[in-house]
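The values are calculated or read from the model by the stated rules, or taken from the named source; none is laboratory data. Nothing here was measured: the structure is a model prediction, and the numbers come from that model. Cβ placement follows ideal geometry from the backbone for every residue including glycine, while neighbour counts extend to all protein chains displayed. We work out accessible area using only protein heavy atoms, side chains counted, and drop any ligands, DNA or RNA first. Shrake-Rupley method; radii C 1.70, N 1.55, O 1.52, S 1.80 Å.
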Amino acid sequence: MRALVSKGHRRIGILGGYPGDAEGEQSGNGPSLRIRGAVEELERSGVSFDCARDYEPCPFSAEAGYQAAKRLLLRTPDLTAIFAISDSIAIGAMRAFRDMGLHTPRDISLVGFDGIVPTRYTIPRLATIEQDVELLARRGVDDLLMRISYEGPAVHEKIPYRFVDGESIARPRT
């Protein structure tokens, strides 16, 4: 969100997750944590976000991202940027934009999340938030083994990440 706001975007939508995630109705981590973080960053930046208008839930797949992006843009055509909570969703959204006659990033900017390898080969290259997947897997296995051995509660921690500035963000058209 910070990258989008710094380029001048003030009408930003969010794609992905499950109904209620953007409103904080879901508990635990997962998609709701990514969405909460995105919405909190918008609030810190003074950018308004109307969940009913600017958010479209969908499962984690390119096809779901494609369909959700079309629904979101038909409902809210004044969006200048979209944050997809997974790269797969973003890749589907990018195709939907193109099929709707929009060019990324000239007409609409896009950011994904996960840093999957295909984002290096999309046209344009997708800006994304890349996690340390090796550390994520290692910590997940360690946590699972601890819970199996000692029946303790799950451990929730933040894994380091970095923003990968692709080619899918531009200043909004005026």
- of a type in the set (S, T, N, Q) and closer than 21 Å to residue 174 by Cβ, is that true of residue 109? yes
- Query: Just for the stretch 76-123: of the residues that are under 16 Å from the mean Cα position of the chain (by Cα) and among the acidic types (Asp, Glu), which one is farthest from residue 159 (Cα to Cα)?
  - Reply: 87
- Determine whether residue 52 is in contact with a Gly (Cβ under 8 Å, 6 or more places away or on another chain) and of a type in the set (Gly, Ala, Ser). no
- Selection over the stretch 124-135 where residues are more than 15 Å from the chain's Cα centre (by Cα), among the aliphatic types (A, V, I, L, M) and either open to solvent by less than 50 Å² (accessible area, probe 1.4 Å) or closer than 19 Å to residue 172 by Cα (or both) yields a count of 1
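Can you name every residue in the stretch 97-123 that is out of contact with any strand residue (DSSP E or B) (no Cβ under 6 Å at 6 or more places or on another chain) and surrounded by 19 or more Cβ atoms within 10 Å (Cβ to Cβ)?
The first filter runs over the stretch 97-123 and keeps only residues out of contact with any strand residue (DSSP E or B) (no Cβ under 6 Å at 6 or more places or on another chain), leaving 97-103, 105-108, 114, 116-118, 120-123.
Result: 97, 105, 108, 114, 122.
Looking at the stretch 144-164, which of its residues are in a loop (DSSP other than H, G, I, E, B), among the charged types (D, E, K, R) and open to solvent by less than 100 Å² (accessible area, probe 1.4 Å)? Even if it seems obvious, please write down each step before you answer.
We begin by selecting, within the stretch 144-164, every residue in a loop (DSSP other than H, G, I, E, B); these are 151-160.
Applying the additional criterion that residues be among the charged types (D, E, K, R) yields 151, 157-158.
Hit for the stretch 144-164 is 157, nothing else.
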- Query: For the stretch 1-115, which strands (runs of 3 or more DSSP E) that fit wholly inside it have 2 or more residues that are at pLDDT 95 or above and β-branched (Val, Ile, Thr)?
  - Reply: 12-15
- In the stretch 73-90, anything in contact with a strand residue (DSSP E or B) (Cβ under 8 Å, 6 or more places away or on another chain) and either buried (at least 24 other Cβ atoms within 10 Å of the Cβ) or free of Cβ contacts under 8 Å to residues at least 12 places away in the same chain (or both) is listed as 81, 82, 83, 84, 85, 86, 87, 89, 90
- Message: Please go through the stretch 51-102 and give me each residue that is closer than 22 Å to residue 115 by Cβ and of a type in the set (Asp, Glu), ordered by number.
- Response: 63, 87
- Result of the Cβ filter at 7 Å on the stretch 116-144, keeping first residues that are under 28 Å from residue 82 (Cα atoms) and partners that are open to solvent by 70 Å² or more (accessible area, probe 1.4 Å) and hydroxyl-bearing (Ser, Thr, Tyr), at least 6 apart or interchain, is 129/161; 130/161; 131/161
- For the stretch 50-72 the number of residues that are open to solvent by 10 Å² or more (accessible area, probe 1.4 Å), touching a strand residue (DSSP E or B) at 6+ places or on another chain (Cβ under 7 Å) and under 15 Å from residue 34 (Cβ atoms) is 3
